[in-house]
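Just below is one structure, and these are the notes that go with it.
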Amino acid sequence: MKALTKLTAALLIAGAATVSATSAMAAPETFVIDNSHTFERFSYSHFGMSTQLSKFNKTTGTVIVDNAAKTAKVDITIDTTSVDTGFEVFNGHIQGPDFLDTAKFPTATFKGDKVHFKGDTPISIDGQLTIKGVTKPVTLKITHYVAMQHPMLKKDAIGADAEVVIKRSDFGASKYVPYVGDDVTITVSLEAVAK
């Protein structure tokens, strides 16, 4: 009888440990954006002559992923004063009131909270994009996604590429439209490492 009681206790403990481990594996995981490997690029037509390419060099934020529930939350802040057009004078021009107006609005944000999956792969995320104090709903198309252990940091990590096309006139930056394109393609290349 004593042996049976010990066996029952052992099975209960093992069962509880299994449930605990399963819960831990299914728990949401928070990833912090790696600024040194995360860039937002934007491109637009310049008088129909060429496609202009620029980027932002400073990004902060987090991504919370729950693989079991197939949910995620993305909270990204872009330092718009870090705009890099490749030409210093033009950096200042883009930061002026006709475009990003960084004196009043030094950051832009994306807050995403609804992820769409194809099987186990995320293919898009819906959220709110704020530029110059104007917030609009957007859907970022995810063109690449990977979750793996970071080979150098030995921590869980994620990487993704995503893109969306917006109209800059929707965000109070319509100077020179239509000669300089109203459609702006934003491409995000992101890496984030588990906390």
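Any read-out appearing in this document is the output of simple, stated calculations on the displayed coordinates, not a laboratory observation. All of these numbers come straight from a predicted model, not from anything done at the bench. Note: ideal-geometry Cβ built from the backbone for every residue, glycine included; neighbour counts use all protein chains shown.
Exceeding 24 Å between C-alpha atoms, which entries from my cross-link table qualify? They are K58/K195; K118/K167; K136/K175; K73/K104.
Numbers: K58/K195 19 Å; K118/K167 28 Å; K136/K175 19 Å; K73/K104 27 Å.
Beyond 24 Å between Cα atoms: K118/K167; K73/K104.
Available extension along the chain between T71 and Y44 is 6.5 nm, counting 0.36 nm per residue and deducting the alpha carbon span. Near the amide H of H150, within less than 5 Å, lie the amide hydrogens of K155, D156, A157, all on another chain or at least 5 residues away, with H placed in the peptide plane.
Residues within the reach of a label modelled at V134 (point 7 angstrom out along Cα to beta-carbon, backbone nitrogen below 18 Å), restricted to region 82-101, are 94-101. The long axis of helix 2-26 is offset from the longest Cα principal axis of the chain by roughly 0 degrees.
The Stokes-Einstein estimate for region 66-189, based on a Kirkwood radius over Cα pairs and taken at 20 °C with 1.002 mPa s viscosity, is a diffusion coefficient of 133 µm²/s. Packing around the peptides 89-96, 72-79, taken as the average count of other Cβ atoms within 10 Å per residue, puts them in this order, highest first: 72-79, 89-96. Excluding D183 itself, calculate the net charge of residues whose Cβ lies under 10 Å from the Cβ of D183, where each Lys or Arg counts +1 and each Asp or Glu counts -1. Counting the neighbours of D183, the net charge comes to +1.
Listed by chain and number, the aspartates and glutamates placed with their C-alpha closer than 19 angstrom to that of K111 are E29, D34, E40, D66, D75, D79, D126, D161, E163, D170, E191; residues fewer than eight positions away on the same chain are left out. Between K141 and Y179, the C-beta separation translates, for a Förster distance of 22 Å, into a calculated FRET efficiency of about 0.20.
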